[in-house]
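The values are calculated or read from the model by the stated rules, or taken from the named source; none is laboratory data. As the structure is a prediction and not an experimental result, all values here were calculated from the model. No Cβ is skipped: glycine too gets one built from the backbone with ideal geometry, and neighbour counts run over all protein chains shown. Protein only, heavy atoms only, side chains kept; ligands, DNA and RNA dropped before computing areas. Shrake-Rupley method; radii C 1.70, N 1.55, O 1.52, S 1.80 Å.
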Amino acid sequence: MRIALVNPPWSFEGSIYFGCREPHLPLEYGYARALLGKAGHEARIFDAHAEGLDLPELAGRVAGFAPDMLVVTTAPSYLFWRCAPPELRAPQLTLAALAGIAGTTVAVGPHGSSTPRATLRKLGVDVVIMGECEEVLVRLAETPRRRWGEIAGLCRRDGGDIVVQGGPQAADMARLPALRWPEETLRRHAHHHHRFDRPPGGPGAEMEVSRGCPYHCTFCAKENFRNRYRRRPLATILDELDGLIAAGATYVYLIDEIFLPWRELLEELARRPVEFGVQTRIDLWRPDMLDLLGRAGCVSVEAGVESLSAAERDRLDKDCRLSSDELTERLVCAKRHVPFVQANLIATGGDDPADIARWRDALHREGIWANDPVPLFPYPGSPDYRLLWGMPDDNAWERALDWYLDRYGAFSDIQEARPLRLSELELT
């Protein structure tokens, strides 16, 4: 079978989207291509976002491949599955442009994990994969349509009905191979995600060391995908990293929900000519491990502090064992070893604005960036959403966005104008 793995030409006008607008490596498609190839299928990635393809150019390339199955994602990359654009405009437009090219159409991404029926209806695809898609795509390619009912993790049409089979799936991280990206793909990838210490000096890349997180902060949208913490085997990580370095990558961003201290990995990173960035919790790092982190080549740390109030951190279910003063000391320690350190705050309502201003000023004097607290969106699939409205239903994205727009008058500094509602953004 021939499978086209399509990343749409993303645009974010009017969107609440908080993520980076730059293209990133579509890791989920990289794994899927490798697993499908191992199973005897031919899979090809069509990354309109990275290649700057418009819809007619994309349609021409995909049609030339003559796929039997067409796969479209609902988030720009795995990095932003947990803060995806609520609207499905880009995949809707992409599927409309590719209509009739393939006999089977499939949607993957966080929307199908949270609201599978609504995603199926809005996109008009044959099937939606719930959860992590790599291994399920192989089963789907190898199973006749009449037997799709045997595959867990699907939302599909069955006659006039929409059927949901099981729940979101989780991949076996030990089975996912070391990815290989062509040199021309990396040459196009000039972006160094979350790097601010200096301009890029060569190609960047993304990869993952783990998936999921052992913590359950209320604001994190991971309950119905990428939830359970799983590490990739160290040998696989190093194999993939060495391949990226050989292909020219000088910086790698580790997209893990949480990059946990791992001495053996850091010692191996220290032996390689590459710099990297991570997102983590600063309370998990001892001073000696922060020293090793810097010696290993880390040049960017994004650390979630969330609130200066211990009571607010408890309310957010952070399970943080350090005081605010100790968190500050740990951030200052990290800055001694890592060129760029960012401490994230969210608008909790429990922090004194004057205390926040003083704390931010103190960190800035140490060379640490701390953001102005931003209200967080209650993503379907997060405990915050569940605490407000219960489990997500077909209108979960609309409900969350309407609540957010009605409640707040100021948004993140990357949004140039007031975001629009889904009824104004999506095709009807």
Subset of segment 122-147 (residues that are under 19 Å from ALA99 (Cβ atoms) and out of contact with any strand residue (DSSP E or B) (no Cβ under 6 Å at 6 or more places or on another chain)): LYS122, GLY124, ARG145
Residues of segment 136-155 satisfying the condition of being in contact (Cβ under 8 Å) with a residue 24 or more places away in the chain, closer than 24 Å to PRO26 by Cα and either open to solvent by 30 Å² or more (accessible area, probe 1.4 Å) or hydrophobic (A, V, I, L, M, F, W, C) (or both): VAL136, LEU137, VAL138, LEU140, ALA141, GLU142, LEU154, CYS155
Any hit, segment 195-217, residues being among the basic types (Lys, Arg), open to solvent by 50 Å² or more (accessible area, probe 1.4 Å) and at pLDDT 95 or above: no
Helices (runs of 4 or more DSSP H) completely within segment 1-92 that count 2 or more residues being closer than 26 Å to ARG117 by Cβ: 27-38
Single condition ASP172 does not satisfy, out of (1) more than 30 Å from LEU238 (Cα to Cα); (2) surrounded by fewer than 14 Cβ atoms within 10 Å (Cβ to Cβ): (1)
Residues that are of a type in the set (Asp, Glu) and either buried (at least 20 other Cβ atoms within 10 Å of the Cβ) or under 20 Å from the mean Cα position of the chain (by Cα) (or both), drawn from segment 18-55: GLU22, GLU28, ASP47, GLU51
Checklist (1) more than 22 Å from ARG226 (Cβ to Cβ); (2) touching a residue at least 40 places away in the same chain (Cβ under 8 Å); (3) among the polar types (S, T, N, Q) applied to SER382, failing item: (1)
Breaking point among (1) closer than 29 Å to PRO419 by Cα; (2) at pLDDT 95 or above, for TYR78: (2)
Members of segment 365-375 that are of a type outside the set (Phe, Trp, Tyr) and within 28 Å of the chain's Cα centre (by Cα): GLY367, ILE368, ALA370, ASN371, ASP372, PRO373, VAL374, PRO375
Enumeration of residues in segment 98-150 that are touching a helix residue (DSSP H, G or I) at 6+ places or on another chain (Cβ under 9 Å), closer than 22 Å to GLY160 by Cβ and part of a helix (DSSP H, G or I): GLY112, ALA118, THR119, LEU120, LYS122, LEU123, LEU140, TRP148, GLU150
Pairs where the first residue, in segment 55-76, is closer than 22 Å to HIS111 by Cβ and free of Cβ contacts under 8 Å to residues at least 40 places away in the same chain and the second is small (Gly, Ala, Ser) and open to solvent by 50 Å² or more (accessible area, probe 1.4 Å), C-beta under 9 Å, 6+ apart: none
Check on LEU88, closer than 28 Å to GLU223 by Cα and in contact with a helix residue (DSSP H, G or I) (Cβ under 7 Å, 6 or more places away or on another chain): yes
Residue match in segment 372-380 (condition: among the hydroxyl-bearing types (Ser, Thr, Tyr) and either in contact with a Leu (Cβ under 6 Å, 6 or more places away or on another chain) or open to solvent by 10 Å² or more (accessible area, probe 1.4 Å) (or both)): yes
So HIS191, is it under 25 Å from PRO23 (Cβ atoms) and either open to solvent by less than 60 Å² (accessible area, probe 1.4 Å) or in a loop (DSSP other than H, G, I, E, B) (or both): yes
Lone qualifier among ILE368, ILE282 - being within 20 Å of GLY212 (Cβ to Cβ), of a type outside the set (Gly, Ala, Ser), open to solvent by less than 40 Å² (accessible area, probe 1.4 Å) and modelled with pLDDT of 95 or more: ILE282
Lone qualifier among LEU98, LEU70, LEU93, LEU58 - being surrounded by fewer than 20 Cβ atoms within 10 Å (Cβ to Cβ) and more than 21 Å from the chain's Cα centre (by Cα): LEU93
Members of segment 42-85 found to be touching a helix residue (DSSP H, G or I) at 6+ places or on another chain (Cβ under 6 Å) and of a type in the set (Ser, Thr, Tyr), listed by number: THR74, TYR78
Candidate set: segment 308-347, residues that are assigned to a loop (DSSP other than H, G, I, E, B) and within 20 Å of GLY277 (Cβ to Cβ); chosen: the one most open to solvent (accessible area, probe 1.4 Å): PRO339
In segment 235-266, the residues that are open to solvent by 40 Å² or more (accessible area, probe 1.4 Å) and within 21 Å of GLY204 (Cα to Cα): ASP239, ASP242, ALA246, THR250
Residue identified as at pLDDT below 95, surrounded by fewer than 21 Cβ atoms within 10 Å (Cβ to Cβ) and among the acidic types (Asp, Glu) among ASP158, ASP126: ASP158
Residue within segment 389-401 that is in contact with a strand residue (DSSP E or B) (Cβ under 7 Å, 6 or more places away or on another chain) and polar (S, T, N, Q) present: no
